[in-house]
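Note sheet for the following structure.
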Ligand SMILES: Cc1cc2nc3c(=O)[nH]c(=O)nc-3n(C[C@H](O)[C@H](O)[C@H](O)COP(=O)(O)O)c2cc1C
């Protein structure tokens with residue numbers, strides 16, 4: 001966090017969210033590198049994922065997923081999601097509420113695939129699909145084929161609202177940020 005940012009104004013909060021998530025994309029060691037991606041399909045579910053992109057201007061969070069994973073089925077039932085970030089060091093929780101769009105076999109997924117490392121690509125050649133019942137723990141294989149996996153997808157979350165919480169001994173601070181409608185930004189009781 002920049003020394004100038006005292007987290008005392010809603011502008012400070014916006015700047016904090018933007019810098020934290022941008023850092024999460026770039027820096028593997030950042031607390032914001034991973035987050036809990038929560039869906040509400042047949043059942044509520046949360047799982048850890050890697051933050052692959054953050055567009056501060058348009059309020060879009062990007063992650064990658066196997067297209068045959070349960071979360072995709074959840075999103076087909078209900079695209080409304082929540083992305084929960086927490087930094088123990090900064091004592092900041094960022095919850096982003098929005099709508100997910102699954103990019104599968106399109107320009108966006110092809111572009112992301114082209115930029116991935118071979119190691120990351122390998123996960124998308126796993127047989128059988130994630131969540132399949134197996135006899136033994138190692139009853140699966142990963143065959144790297146020199147082409148785009150047909151199991152790869154990119155999920156973009158179009159953020160509607162961000163609930164930001166800063167834990168502070170003298171008094172916690174909480175704000176709601178509306179990425180595309182800053183006039184609605186407001187402090188809320190923690
Ligand atoms: C540190 C960490 C990072 C992970 N990153 C991803 C990821 O970027 N994308 C993903 O689909 N799953 C990722 N996973 C696995 C998910 O947590 C989850 O097990 C998997 O996606 C299956 O979830 P689902 O059945 O609800 O779709 C990660 C797990 C951990 C522990």
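The values are calculated or read from the model by the stated rules, or taken from the named source; none is laboratory data. All of these numbers come straight from a predicted model, not from anything done at the bench. We place every Cβ from the backbone using ideal geometry, glycine too, and count neighbours over all the protein chains shown.
One table, with the values for the structure above:
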read-out: Segment 122-146 residues that are within 25 Å of residue 45 (Cα to Cα) and in contact (Cβ under 8 Å) with a residue 12 or more places away in the chain, paired with ones that are away from the ligand (no atom under 11 Å from the Cβ) and not in a loop (DSSP other than H, G, I, E, B) (beta carbon under 8 Å, 6 or more apart); value: 123/142; 125/142; 126/141; 126/142; 127/141; 127/142; 140/126; 140/127
read-out: Residue match in segment 121-129 (condition: more than 22 Å from residue 48 (Cα to Cα) and part of a loop (DSSP other than H, G, I, E, B)); value: no
read-out: Scan of segment 163-176 for residues that are touching a helix residue (DSSP H, G or I) at 6+ places or on another chain (Cβ under 6 Å) and either under 30 Å from residue 69 (Cβ atoms) or surrounded by fewer than 17 Cβ atoms within 10 Å (Cβ to Cβ) (or both), ordered by number; value: 164
read-out: Residue list for segment 106-120, restricted to those being part of a loop (DSSP other than H, G, I, E, B) and surrounded by 12 or more Cβ atoms within 10 Å (Cβ to Cβ); value: 116
read-out: Residue within segment 110-118 that is more than 30 Å from residue 190 (Cβ to Cβ), modelled with pLDDT of 95 or more and in contact with a strand residue (DSSP E or B) (Cβ under 7 Å, 6 or more places away or on another chain) present; value: yes
read-out: Cβ-Cβ under 9 Å pairs, at least 6 apart or on other chains, segment 52-76 side under 27 Å from residue 178 (Cβ atoms), far side within 6 Å of the ligand (Cβ to nearest atom) and in a helix (DSSP H, G or I); value: 65/71
read-out: Residue list for segment 132-157, restricted to those being within 16 Å of the ligand (Cβ to nearest atom) and surrounded by fewer than 11 Cβ atoms within 10 Å (Cβ to Cβ); value: 133, 134, 137
read-out: Condition met for residue 160 (surrounded by 15 or more Cβ atoms within 10 Å (Cβ to Cβ) and out of contact with any helix residue (DSSP H, G or I) (no Cβ under 8 Å at 6 or more places or on another chain)); value: yes
read-out: Qualifying residue in segment 178-190 (condition: surrounded by fewer than 10 Cβ atoms within 10 Å (Cβ to Cβ) and part of a loop (DSSP other than H, G, I, E, B)); value: yes
read-out: Residue match in segment 151-167 (condition: without any contact (Cβ under 8 Å) to a residue 60 or more places away in the chain, outside any strand (DSSP E or B) and within 24 Å of the chain's Cα centre (by Cα)); value: no
